[in-house]
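Shown next, in structure tokens, is the structure this report addresses.
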Amino acid sequence: IKKIAVLTSGGDSPGMNAAIRSVVRTCAFLDVECVAIYRGYDGMIEGDFVPMNARSVNNIINKGGTILKSARCEEFRTPEGRKLAYDQLIAEGIGGFVVIGGDGSFRGATTFNEEFDFPVIGIPGTIDNDIFGTRYTLGFDTALNTVVDAIDKIRDTASSHNRLFFIEVMGRDVGHIALNAGVAAGAEEILIPEENLGLERLLDSLKRSKKSGKSSSIVVVAEGDKIGKNVFELKEYVEEHLPIYDVRVSVLGHMQRGGAPTAFDRVLASRMGVKAVEALLEGKTNLMVGIMDSKIVLTPITEALRGHTKIDKELIRVSDIMTT
Ligand code: ADP
């Protein structure tokens, strides 16, 4: 392989820029040409390519978002769209690409690899931490810290007014952000998709908490929680069944996706980028870079797509103890 391409695709996450930088710098270090593809698979289909050198990625390690832009591309889901993309890559002399994105982006990459026998390596960039084959995805740690900061601030105002807050955080299918942020910020209850606590237990817990003299209560709710009510419905439900509380809702939303990446995410991105380029040059393909037991590892993308990293049962237990 003489030329490697890098792109960011799907939902963005903090740390993507640090990963782009790492891929570009590793190529420069190993004397391999590097090309950036703008706007994800859209840019691949349109040939939106820009040559990169070590200096093209100065001063981006600390920036959130992605300088290459990201996109959701319907055309890439069709064989015709992928053929167009393939023709563009071949015309540019690209011998393999590194895609930084989530499970959708990986699904596209693995299909592309199987159709054209084209070398691809994935770097998991998503705040949800919902990809199998890596303990941490890129951006998770940053998002977690952002959420903890936000909850700390909400707690200040909650305790001044003796209020109960339902705080919705991201996590459609997994509760990693909710559980970790809940423990770190001292939430009274944490509602995650993996465990349905049920409304009765929630009410009991809130009653107990009030009785024990807590001045404020924070309940962290993952987007994809299965209790059957969203945060606004939860507020109504609690107001109706437990009128002792003055209830408020806060939906943190897209702020969770932004911001300067933490040191952890920058280091992780740097390590993953090096591994991704080295893997391509060693003739490996259709793999995702991940981190397991503090080691950088490769997992077949098809495996990575098979499921989510399971929520830590030990952490659930810790959380139960802490909310006593
Ligand atoms: P994420 O990578 O964050 O999960 P998406 O699910 O939107 O984001 O996927 C990003 C892009 O990957 C899609 O817009 C599409 O171009 C491509 N993609 C997703 N799923 C497939 C698929 N099954 N086949 C081909 N391409 C896909």
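Going through segment 273-292 one residue at a time, which ones are under 19 Å from the mean Cα position of the chain (by Cα) and not aliphatic (A, V, I, L, M)?
Passing the criteria: Gly273, Gly290.
Name the pairs whose Cβ atoms lie under 8 Å apart, with the first residue in segment 172-189 and at pLDDT below 95, the second of a type in the set (A, V, I, L, M) and assigned to a loop (DSSP other than H, G, I, E, B), and 6 or more positions between them or separate chains?
Val174/Ile311; Glu189/Leu197
Scanning for something farther than 16 Å from Gly96 by Cα, assigned to a helix (DSSP H, G or I) and within 18 Å of the chain's Cα centre (by Cα), does segment 310-318 turn up at least one residue?
No, every residue in segment 310-318 fails to be farther than 16 Å from Gly96 by Cα, assigned to a helix (DSSP H, G or I) and within 18 Å of the chain's Cα centre (by Cα).
Name the single residue that is modelled with the highest pLDDT among those in segment 221-255 being in a loop (DSSP other than H, G, I, E, B) and of a type in the set (A, V, I, L, M).
In this case the residue turns out to be Leu252.
Could you look through segment 51-86, keep only residues that are touching a strand residue (DSSP E or B) at 6+ places or on another chain (Cβ under 9 Å) and of a type in the set (S, T, N, Q), and pick out the one that is nearest to the ligand (Cβ to nearest atom)?
The qualifying residue nearest to the ligand (Cβ to nearest atom) is Ser70.
Hey, could you check segment 36-50 for residues that are surrounded by 21 or more Cβ atoms within 10 Å (Cβ to Cβ) and more than 12 Å from the ligand (Cβ to nearest atom) and say which is farthest from Ala18 (Cα to Cα)?
Ile37
A quick yes/no check of all residues on (1) under 16 Å from Glu189 (Cα atoms); (2) free of Cβ contacts under 8 Å to residues at least 40 places away in the same chain; (3) within 24 Å of the chain's Cα centre (by Cα):
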site	(1), (2), (3)
Ser216	yes, no, no
Glu233	no, yes, no
Gln256	no, no, yes
Ala304	no, no, yes
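Of all residues being among the hydroxyl-bearing types (Ser, Thr, Tyr) and over 17 Å from Asp130 (Cα atoms) in segment 294-319, which is modelled with the highest pLDDT? Just the residue, please. Spell out the reasoning first.
Pass one, segment 294-319, residues among the hydroxyl-bearing types (Ser, Thr, Tyr): 294, 299, 302, 309, 319.
Those left that are additionally over 17 Å from Asp130 (Cα atoms): 294, 319.
Numbers: Ser294: 96, Ser319: 93.
Per the stated criteria, the residue is Ser294.
For the subset of segment 256-296 comprising residues that are of a type in the set (Val, Ile, Thr) and part of a helix (DSSP H, G or I), which member is farthest from Leu199 (Cα to Cα)?
By that ranking, first place goes to Val277.
Within segment 124-151, track down each residue that is assigned to a helix (DSSP H, G or I) and in contact with a helix residue (DSSP H, G or I) (Cβ under 6 Å, 6 or more places away or on another chain). Even if it seems obvious, please write down each step before you answer.
At the first step, the residues of segment 124-151 found to be assigned to a helix (DSSP H, G or I) are 140-151.
Listed by number, the residues that qualify are Asp141, Thr142, Ala143, Leu144, Thr146, Val147, Val148, Ile151.
May I ask you to verify whether Thr126 is near the ligand (Cβ under 10 Å from one of its atoms), modelled with pLDDT of 95 or more and under 30 Å from Arg248 (Cβ atoms)?
yes
Do you know which of the residues in segment 190-212 that are assigned to a helix (DSSP H, G or I) and touching a residue at least 12 places away in the same chain (Cβ under 8 Å) is farthest from Asp156 (Cα to Cα)? Walk me through it before giving the result.
Going through segment 190-212, the residues assigned to a helix (DSSP H, G or I) turn out to be 199-211.
With touching a residue at least 12 places away in the same chain (Cβ under 8 Å) added as a condition, the list becomes 199, 202-203, 205-207, 209-210.
Working: Leu199: 26, Leu202: 22, Leu203: 23, Ser205: 21, Leu206: 19, Lys207: 21, Ser209: 17, Lys210: 17 Å.
The extreme case among them is Leu199.
Each row is one residue, and each column tells you yes or no for (1) under 25 Å from the mean Cα position of the chain (by Cα); (2) touching a residue at least 60 places away in the same chain (Cβ under 8 Å); (3) under 17 Å from Cys27 (Cα atoms).
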{"position": "Val57", "(1), (2), (3)": "yes, no, yes"}
{"position": "Glu74", "(1), (2), (3)": "yes, no, no"}
{"position": "Pro79", "(1), (2), (3)": "no, no, no"}
{"position": "Ala91", "(1), (2), (3)": "no, no, no"}
{"position": "Gly95", "(1), (2), (3)": "no, yes, yes"}
{"position": "Gly101", "(1), (2), (3)": "yes, yes, no"}
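Please work out which residue is nearest to Ala304 (Cα to Cα), limiting yourself to segment 93-123 and to residues that are away from the ligand (no atom under 12 Å from the Cβ) and part of a loop (DSSP other than H, G, I, E, B).
Top of the filtered list is Pro119.
The values are calculated or read from the model by the stated rules, or taken from the named source; none is laboratory data. This is a predicted model, so every value here is computed, not measured. Cβ sites come from the backbone with ideal geometry, for glycine too, and all protein chains shown count toward neighbours.
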